[in-house]
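Down below is the structure, laid out as structure tokens.
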Amino acid sequence: MKIATWNVNSVRSRADHIRAFLEDQAPDVLALQELKAVTDQVPVAAFAEVGYQATVFGQKTYNGVAFLHREDGPEPTEIQRGFPDDGEDAPARLISACFGGLRLVNIYLPNGSEVGSDKYNYKLDWMARLREWLDEAFAPSEPVVLVGDFNVAPEDRDVYDPEALRDRILFSQPEKQAMERIRGWGFSDCFRKHHDEAGHYSWWDYRMNQFRRGNGLRIDHIWASPAAAEACTACDILVDPRRWERPSDHAPVMAEIEL
């Protein structure tokens, strides 16, 4: 199964990019984040034209997550939108479903805005809730894959300038500790199974030509429980879509898992 994740920074603005990616890479499932659209605004007909159905958890203005899955592939089952205890107005940041024997959890983790801010504290709280929910809902013995925009770069080799970025948002110690606690549920980083070296990034700020300068962070991830991680035969960041006209500021990440 080919599983991809991509923060598209507006599903309507990037519909042509998504279609091109689906046609070129043919993932079995593409997890999207930051739809910036309510569910009925997602251009599902455009994706159906290239053989994909959509399972959506949309939201007005910001947030929103979805799965695009092949019409000739496994149908999603046991679909969950948000945490079980979320209220009606909770941000649309999590969607989960089973595809065949594999459980996929797609998250758009809060950015946090600025270290020490209310939004930062909300981010840390959301991460704690994610770990608690994983403990309650699943067991590490199950084939579970956690994908999405985590908005955290875990290690020095995941950022272009560790000293300049240390203790700043996306790379502060409390964020990394919270991320490590989630990983400690039983996940392995699929990308790092196949790539040890520094200099691989999935997000580049639009400002100051950061992409052209190579100043990025690796904040989009595919993590797998032991059974799924063992079956992961490849995982790569596909940088080309970041070069397209009017791109998302994120690049897709794709893994192959042969369960």
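Give, in nm to one decimal, the length gained when the segment between GLU245 and ALA139 is fully stretched (0.36 nm per residue of separation minus the Cα-Cα distance).
Net length gain for the segment: 33.9 nm.
Calculated from DSSP H runs of 4 or more alone, at -39500 (n - 2.57) each and per residue, what is the 222 nm mean residue ellipticity of the chain, nearest 500?
-7000 deg cm²/dmol
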Quiz item: So if we plug the beta-carbon distance of ARG212 and ALA234 into 1/(1 + (r/R0)^6) with R0 = 25 Å, what FRET efficiency do we get, rounded to 0.05?
Solution: 0.35
Quiz prompt | For segment 81-122 and segment 29-69, distance of Cα centres in Å | solution = 16 Å
Exercise. For GLU34, enumerate residues with amide H under 5 Å from its amide H, sequence gap 5+ or separate chain, H modeled in the peptide plane.
Key: GLY64
Quiz item: Candidates [x] 30, 22, 16; [y] 42, 15, 14; [z] 24, 21, 19; which is the computed semi-axes √(5λ) of the Cα gyration tensor in Å?
Solution: [z]
Quiz item: Quick one: if the Förster radius is 25 Å, what FRET efficiency do GLU256 and THR77 give, using the C-beta to C-beta distance and rounding to 0.05?
Solution: 0.70
Self-check item: Shape category assigned to segment 163-259 from the gyration tensor of Cα positions, a/c cut at 1.5
Solution: oblate
Quiz item: Mean separation of Cα pairs under 8 Å and 6+ residues apart, divided by the residue count of segment 4-134: what relative contact order is that in percent?
Solution: 18 percent
Quiz item: Are any of the pairs LYS123/LYS193; LYS60/LYS123; LYS36/LYS119; LYS2/LYS176; LYS60/LYS119; LYS2/LYS193 more than 25 Å apart by Cα-Cα distance, and if so, which?
Solution: LYS123/LYS193; LYS2/LYS176
Quiz item: How high is the relative contact order of segment 27-96, in percent, counting Cα pairs under 8 Å that sit 6 or more residues apart?
Solution: 33 percent
Self-check item: With all protein chains modelled, accessible area of LYS123 [1.4 Å, Å²]
Solution: 0 Å²
Quiz prompt | Relative contact order, percent, the chain [alpha-carbon distance under 8 Å, six or more residues apart] | solution = 19 percent
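The values are calculated or read from the model by the stated rules, or taken from the named source; none is laboratory data. Computed from a predicted model, the values in this text were never measured in an experiment. Virtual Cβ from ideal backbone geometry, glycine too; neighbours counted across all protein chains shown. For the accessible areas, the whole protein counts, side chains as well, though only heavy atoms, and no ligand, DNA or RNA atoms are used. Shrake-Rupley method; radii C 1.70, N 1.55, O 1.52, S 1.80 Å.
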